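Each value in this text was obtained by applying a stated rule to the coordinates, not by laboratory testing. It should be emphasised that the depicted structure is a prediction, and the values quoted were computed from it without experimental measurement. In this analysis, Cβ positions are derived from the backbone assuming ideal geometry, glycine residues included, and neighbour counts consider all displayed protein chains.
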Amino acid sequence: MPVVIAILAALFASKFPDGLDFVAEKLGFAGKGIERTAPMTGYGLNFLPQGSLSTSLAGIIGILIILGLFWLAVKMLKTTRGK
């Protein structure tokens with residue numbers, strides 16, 4: 001179900017800046033940050049053109065990462081409680 005939500009949400013994603021970007025532009029400090037590279041900048045994948053596909057895949061990958069971290073945390077907690 002979360003994967004379906006990620007795909008559908010990408011279709012309705014706004015092309016306008018998010019809240020932090022809007023405030024940074026409004027207060028004049030938008031260009032003063034240090035540029036860093038990341039695998040999923042701008043809510044998309046860098047190796048795909050920006051659009052619904054890129055945003056959907058980034059959402060799916062993000063969900064899988066969170067589920068993997070949650071699974072790992074549960075597994076570690078079960079191991080430490082069993083001792």
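Can you give me the orientation-averaged projected area of the convex hull built on the Cα atoms of the chain, in nm²? Write out the running numbers ahead of the final one.
Numbers: hull surface 32.5 nm².
Value for the chain: 8.1 nm².
Using the Cα centre as the reference, give the magnitude of the dipole from point charges on the C-beta atoms of the chain (Lys, Arg: +1; Asp, Glu: -1; all else neutral), rounded to the nearest 20 debye.
With Lys and Arg at +1 and Asp and Glu at -1, about 560 debye.
Each Cα pair under 8 Å and six or more residues apart adds its sequence gap; the mean of these over the residue count of the chain is a relative contact order of 36 percent.
Helix 2-11 axis versus longest C-alpha principal axis of the chain: approximately 10°, rounded to the nearest ten. Of Gly28, Gly42, Gly62, the residue with the greatest mean-square motion in the GNM of the chain, using alpha carbon springs below 10 Å, is Gly28.
Lys/Arg Cβ at +1, Asp/Glu Cβ at -1, dipole of the chain taken about the Cα centre: which of Leu69, Ala10, Asn46 is farthest positive-ward? So the residue we want is Leu69.
The slack between Leu53 and Lys32, meaning 0.36 nm per residue of separation minus the straight C-alpha distance, is 4.5 nm. Computing FRET efficiency as 1/(1 + (r/R0)^6) for Leu72 and Ile5, where r is the C-beta to C-beta distance and R0 is 25 Å, gives about 0.65. Take the Cα of Leu64, step 7 Å toward its Cβ, do the same at Asp21, and the gap between the two points is 2.5 nm.
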